[in-house]
Amino acid sequence: MPPALEPQPKIITLEQYEALPDEKRAEVFDGVVYDMASPSQIHQRMLLKLSAILDSYIERKKGSCIVIPSPFDVILSEKPLTIVQPDIMIICDKDRLDGNRCNGAPDFIIEIVSPGNPSDDYIRKAYYYKNYGVREYWIVDPKRRIVTVNYFEGDLINVAYSFDATVRVNICDDLYISFPEIAEILNI
């Protein structure tokens with residue numbers, strides 16, 4: 001008897017995605033919906049600290065970019081439908097914002113690793129972010145105490161820094177984030 005075939009995942013449209021219940025946290029890659037786990041306390045505290053640093057920098061510089069934390073949809077592609085909800089993003093082209101989502105790649109994204117799905121951030125999202133035009137992508141891993149920087153625009157890929165380092169945001173002229181300070185504040 002031949003082996004049983006795996007059922008093919010259901011491909012959804014933008015209209016079907018928008019009809020999902022508000023409480024459902026999901027992303028879509030090539031038309032397939034993937035459920036997202038609820039974030040942990042340390043995840044949310046890290047998101048708050050990093051968002052505040054980025055936002056404060058942009059305000060101080062009177063920059064034209066905007067910082068948006070999750071949950072906020074980003075449509076990377078309509079065909080095949082690819083929608084993500086990065087933990088933190090910086091968007092410099094405000095024409096990409098329609099009030100409900102970002103249509104196209106943000107300039108800068110930070111994903112904070114959740115223990116349940118690290119491969120999503122390190123593999124799947126890195127692939128999509130690079131191929132759809134994100135300029136810089138950081139993966140912050142509180143459990144491993146590592147920040148992985150992918151500066152796609154400068155061909156700097158998978159450069160890992162420990163939480164003992166101060167890390168430069170490459171798309172900004174003079175922004176450095178001190179992970180020792182953040183780790184001390186968050187007690188990690």
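The values are calculated or read from the model by the stated rules, or taken from the named source; none is laboratory data. None of the values given here were measured: they were computed from a predicted structure. Counting neighbours? That spans all protein chains shown, and the Cβs are built from the backbone with ideal geometry, glycine included.
With the requirement that a residue be surrounded by fewer than 19 Cβ atoms within 10 Å (Cβ to Cβ) and not aromatic (Phe, Trp, Tyr), what does region 122-148 give you? If the condition is that a residue be surrounded by fewer than 19 Cβ atoms within 10 Å (Cβ to Cβ) and not aromatic (Phe, Trp, Tyr), then Ile123, Arg124, Lys130, Asn131, Gly133, Lys143, Arg144, Arg145, Ile146 are the ones that fit.
Being touching a residue at least 40 places away in the same chain (Cβ under 8 Å) and either of a type outside the set (Phe, Trp, Tyr) or within 22 Å of Asp73 (Cβ to Cβ) (or both) is a property that holds for Ile177. Within region 142-161, not a single residue is assigned to a strand (DSSP E or B), touching a residue at least 60 places away in the same chain (Cβ under 8 Å), touching a strand residue (DSSP E or B) at 6+ places or on another chain (Cβ under 8 Å) and of a type in the set (A, V, I, L, M). Just one of the listed residues (Ser64, Ser119) is of a type in the set (Gly, Ala, Ser), farther than 26 Å from Val32 by Cβ, at pLDDT below 95 and surrounded by fewer than 16 Cβ atoms within 10 Å (Cβ to Cβ), namely Ser64. Met89 meets all of the listed conditions (1) of a type outside the set (Phe, Trp, Tyr); (2) touching a Cys at 6+ places or on another chain (Cβ under 8 Å); (3) surrounded by fewer than 16 Cβ atoms within 10 Å (Cβ to Cβ) but one, namely (3).
Just wondering, is there one or more residues in region 19-26 that are without any contact (Cβ under 8 Å) to a residue 24 or more places away in the chain, farther than 22 Å from Arg135 by Cα, exposed (fewer than 12 other Cβ atoms within 10 Å of the Cβ) and of a type in the set (A, V, I, L, M)? Reasoning before the result, please.
Of all residues in region 19-26, those without any contact (Cβ under 8 Å) to a residue 24 or more places away in the chain come to 19-24, 26.
Add one more test, that the residue is farther than 22 Å from Arg135 by Cα, and what stays is 19-24, 26.
The next check asks that each one be exposed (fewer than 12 other Cβ atoms within 10 Å of the Cβ); those that pass are 19, 21-24.
From the residues that got through so far, the ones that are of a type in the set (A, V, I, L, M) too are 19.
Looking through region 19-26, at least one residue is without any contact (Cβ under 8 Å) to a residue 24 or more places away in the chain, farther than 22 Å from Arg135 by Cα, exposed (fewer than 12 other Cβ atoms within 10 Å of the Cβ) and of a type in the set (A, V, I, L, M).
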